[in-house]
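The structure appears right after this line, and notes come after that.
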Amino acid sequence: MQLQPVDFLKSPEAMNKAWSTDQALSYARWLATHHYENFHVVSLFLPRRLHQDFYNVYAFCRWSDDLGDEIGDTAESLRLLAWWRGELDALYQSVPPTHPVFVALRETITRHELPIDPFDNLITAFVQDQTVTRYRDWPHVLGYCVNSANPVGRLVLMLCGYRDAERFRLSDATCSALQLANFWQDVTVDLKKDRVYLPLHLFEKHGYTEADLFARRCTPAFRAVMEEAVAYAQALFEQGLPLVPLLDRRLSLDIDLFSRGGLKVLDKIRAQDYDVLAARPSVSKSERVRLLLASLARLAARRAA
């Protein structure tokens with residue numbers, strides 16, 4: 001039964017179905033390849049043996065995200081996220097799962113000996129989105145990224161056999177940078193949800209107000225706020241780039257491409273003079289192809305060296 005999370009919740013047949021492992025794996029694969037996002041969960045460069053594991057992890061992330069953002073009622077989202085966390089806890093206490101996402105995820109957790117923390121942290125981030133809509137300063141913004149973005153990078157590393165502190169540190173910088181680039185790209189999208197991820201101390205520093213932001217006023221003060229925010233994300237990307245040569249060539253290509261894509265978003269914001277209120281900056285298909293070719297060239301140069 002192939003249903004998106006919100007529709008799945010409304011279907012007694014889906015919720016009460018006894019899901020076999022094969023059916024659950026099929027559902028995770030379908031969800032990862034048919035969600036409304038135009039996002040490729042599995043890269044062509046990743047080993048085929050890991051494809052299903054990535055689908056299974058993505059299915060968990062997708063459900064967690066939708067329970068937070070697609071329900072439309074804060075109290076109900078919090079109730080459902082608490083239920084979801086209970087299902088996760090039960091899985092790690094060896095209670096046989098019934099939900100297809102956890103039936104599929106059990107296979108991946110067992111095969112790769114994944115700890116509960118990254119999954120639990122992701123749920124914490126989605127709960128936080130229901131209860132916190134403003135961030136005072138950079139430590140508070142990065143505190144959110146610790147739960148919302150960094151666990152994904154750590155899960156990717158663990159799926160590919162890496163568990164050392166240095167790679168985790170570099171991955172955290174990259175993932176936090178990607179999260180910030182996404183925030184700066186989607187300022188107006190988040191405003192519709194009454195969420196402001198730009199740290200408020202920048203508003204005070206440059207003489208900008210929340211009222212200006214919600215009125216979509218792109219003033220010199222707003223440009224100053226965005227310029228500083230973009231520079232902060234840029235520095236995080238540069239801090240994380242040394243991760244690339246520390247990885248298997250297939251994974252290193254993906255990480256390099258993700259990083260360069262995030263940096264390109266920052267370049268786009270600069271190119272439109274930091275006015276993300278009038279138009280959402282985006283990277284075109286032709287630009288993505290050029291980024292891929294550049295990443296391939298860097299990989300070839302490293303191998304030759």
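Okay, here's what the table says:
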quantity: Residue that is nearest to L180 (Cα to Cα), among those in the range 269-283 that are assigned to a loop (DSSP other than H, G, I, E, B) and of a type in the set (G, A, S); calculated: S282
quantity: Filter result for A221 (small (G, A, S), without any contact (Cβ under 8 Å) to a residue 60 or more places away in the chain, surrounded by fewer than 14 Cβ atoms within 10 Å (Cβ to Cβ) and out of contact with any Ser or Thr (no Cβ under 8 Å at 6 or more places or on another chain)); calculated: no
quantity: Any helices (runs of 4 or more DSSP H) falling wholly within the range 152-207 and containing at least 1 residues that are in contact (Cβ under 8 Å) with a residue 40 or more places away in the chain and in contact with a Leu (Cβ under 9 Å, 6 or more places away or on another chain); calculated: 165-185, 187-191
quantity: Residue check, L241 aliphatic (A, V, I, L, M), at pLDDT below 95 and in a helix (DSSP H, G or I); calculated: no
quantity: Residue within the range 153-167 that is farther than 27 Å from F54 by Cβ and over 18 Å from the mean Cα position of the chain (by Cα) present; calculated: no
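The values are calculated or read from the model by the stated rules, or taken from the named source; none is laboratory data. Values in this document were obtained by computation on a predicted structure and should not be read as measured data. FYI the Cβ positions are ideal-geometry reconstructions off the backbone, even for glycines, and counts take in every protein chain you see.
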